[in-house]
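The values are calculated or read from the model by the stated rules, or taken from the named source; none is laboratory data. Small disclaimer: the values here were computed from a predicted structure and weren't measured. Here the Cβ positions follow ideal geometry from the backbone for every residue, glycine too, while neighbour counts run over all protein chains shown.
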Amino acid sequence: MLSAGITVHSQAWGTSYMGSLQRILFVDTETTGLRRPSAASEDHDRVISIGFFDTDASALQAGFCRGKFGYFIFNPQQASAAGARRVHGYSDRILAQQDTFASCADMLFPAFGSADLIVSHNTDFDRPFVESEFAGAGRSLRGKSWHCTMQAERARGGGSASLDASIDRLGIQRQSGRHGALEDAWLAMMLYLAQNGIRLPDQQYRPHCDPMNYRELVRKKVAVS
């Protein structure tokens, strides 16, 4: 269910050394709340959606955005906090209709397991959620290298390091009023490219779709006597 929907050319501004990297995975998650998984407590929130771009690092360095993307929604098996629900926009009833993360793990793991580097905006948040969900499905991401575009943006200085503020400085606007994992993964990739001196692709190529495994809400019919 992964889409081979990104093959975009963009001229490089300069040389951006990415070492021996072959695959870079850009990822974002939406969750039921802000309680991150930790070894100290089993009481934490869950992932409700994940978006990612599995890219060829050498192509990125040469100015090409080439690879596959995935966008999935899950039944977190718990209710979302009110604040989280306002961010991701999915009701608990809709989420209860979806696949669990564990049921999709075998399909998702190859992209994560083969990545030489996983990039997100606010890795301190995304990483424990992603690792916890895969661990719960019997898959380990221990030892994987992660990079945080938010920390990199803070190091650069010049204002807020939030994703919205960072992309605004690049002249990029959101297509949706709500945060979505696929769009935020794309925006993190745009920020990473800019931070590494690579010209951004034309924004008309930005993927936009519903989660690939989304199930419509099934409304039960009420018998009228």
### Query
For Y205, are the conditions met, namely being over 15 Å from the mean Cα position of the chain (by Cα) and among the aromatic types (F, W, Y)?
yes
If we keep only residues of the stretch 114-134 that are surrounded by 24 or more Cβ atoms within 10 Å (Cβ to Cβ) and small (G, A, S), then the residue farthest from S49 (Cα to Cα) is A115
Picked from the stretch 182-220 (must be hydroxyl-bearing (S, T, Y) and over 30 Å from S91 (Cβ atoms)), the residue surrounded by the fewest Cβ atoms within 10 Å (Cβ to Cβ) is Y205
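Is one or more of the residues making up the stretch 44-51 of a type in the set (S, T, Y), crowded, with 23+ Cβ neighbours inside 10 Å, out of contact with any Lys or Arg (no Cβ under 8 Å at 6 or more places or on another chain) and under 19 Å from E183 (Cα atoms)?
yes
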Filtering the stretch 155-173 down to residues that are in a helix (DSSP H, G or I) and within 20 Å of the chain's Cα centre (by Cα) yields L163, D164, A165, S166, I167, D168
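To keep it simple, each residue is scored yes or no on (1) farther than 23 Å from M107 by Cα; (2) assigned to a loop (DSSP other than H, G, I, E, B).
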| residue | (1), (2) |
| --- | --- |
| G143 | no, yes |
| M150 | yes, no |
| A194 | yes, no |
| L200 | yes, yes |
| C209 | no, yes |
Checked G180, G157 against criteria (modelled with pLDDT under 95 and either of a type outside the set (G, A, S) or farther than 17 Å from I50 by Cβ (or both)); the one match is G157
If we keep only residues of the stretch 28-43 that are touching a helix residue (DSSP H, G or I) at 6+ places or on another chain (Cβ under 7 Å) and in a loop (DSSP other than H, G, I, E, B), then the residue surrounded by the most Cβ atoms within 10 Å (Cβ to Cβ) is T32
How many residues of the stretch 65-105 are farther than 30 Å from P201 by Cα, in a helix (DSSP H, G or I) and in contact (Cβ under 8 Å) with a residue 12 or more places away in the chain? The answer is 11
Pairs returned, first residue in the stretch 199-213 that is closer than 20 Å to F74 by Cα, second residue that is part of a loop (DSSP other than H, G, I, E, B) and among the aliphatic types (A, V, I, L, M), beta-carbon separation under 9 angstrom, 6 or more apart or interchain, are M212/M1; M212/L2; N213/M1
